[in-house]
1. Please work out the average accessible area per residue across region 1-41, using the 1.4 Å probe convention, and give it in Å².
2. If you take the C-alpha gyration tensor of the chain, multiply each eigenvalue by 5 and take the square root, what semi-axes do you get, largest first, in whole Å?
3. Between A63 and L13, with labels modelled 7 Å along Cα→Cβ, what's the label distance in nm to one decimal, could you check?
4. What's the magnitude of the charge dipole for the chain around its Cα centre, counting Lys and Arg as +1 and Asp and Glu as -1 at the beta-carbon? Answer in Debye, nearest 20.
5. Got the relative contact order for the chain handy, in percent, Cα pairs under 8 Å and 6 or more residues apart?
6. What net charge is computed for the residues neighbouring L29, neighbours being all others with C-beta under 9 Å from the C-beta of L29, Lys and Arg scored +1, Asp and Glu -1?
7. I'd like the Karplus ³J(HN,Hα) series for region 17-24: coefficients 6.51, -1.76, 1.60, θ = phi - 60°, whole numbers in Hz, and an x wherever there's a Gly or Pro.
8. Number of Lys pairs in the chain with C-alpha atoms less than 26 angstrom apart, excluding same-chain neighbours closer than eight positions?
Amino acid sequence: MGELKIRKIGNSLGAIFPKDWELKEGDILTYEKKSNGYLLDTTETAREHDRQLIEESFAEYEAAKMVSEDQLKERFGKYGWGK
């Protein structure tokens, strides 16, 4: 189990989260109090991240930065797709 140190930030309290949590500024964590502890949930943050990746992928497709299956067959047919 890891530890987070509570720090004074202005007139408030806060914590620095480990980089490997892949959180970014503006992410929202949900929490639940469990007896004498708290359970942090990053599910919504992960969903938003996935949603953003999907939107970026569609934007690339619509901007014609991605090629279609037919274009792949045309370019690389002799490498596995056959003609």
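The values are calculated or read from the model by the stated rules, or taken from the named source; none is laboratory data. Please read these numbers as outputs of a predicted model, since none were measured by experiment. So basically every Cβ, Gly included, is an ideal-geometry build from the backbone, and we count neighbours across all protein chains shown. Areas reflect the complete protein model, heavy atoms only, side chains present, ligands, DNA and RNA absent. Shrake-Rupley method; radii C 1.70, N 1.55, O 1.52, S 1.80 Å.
1. Values: 4210 Å² over 41 residues.
I get 103 Å² per residue for this part.
2. Details: eigenvalues 415, 42, 29 Å².
With the √(5λ) rule applied to the chain, the semi-axes are 46, 15, 12 Å.
3. 4.4
4. Numbers: 14 positive and 17 negative charges, 70 e Å.
Computed charge dipole of the chain: roughly 340 debye.
5. Details: 43 pairs, mean separation 10.2, N = 83.
Computed over the chain, the figure is 12 percent.
6. On the way: positive: none; negative: D27, D41, E44.
After counting each charged neighbour, the total is -3.
7. Karplus values, whole Hz, x for Gly and Pro: 8, x, 4, 5, 6, 6, 8, 9.
8. So the count works out to 16.
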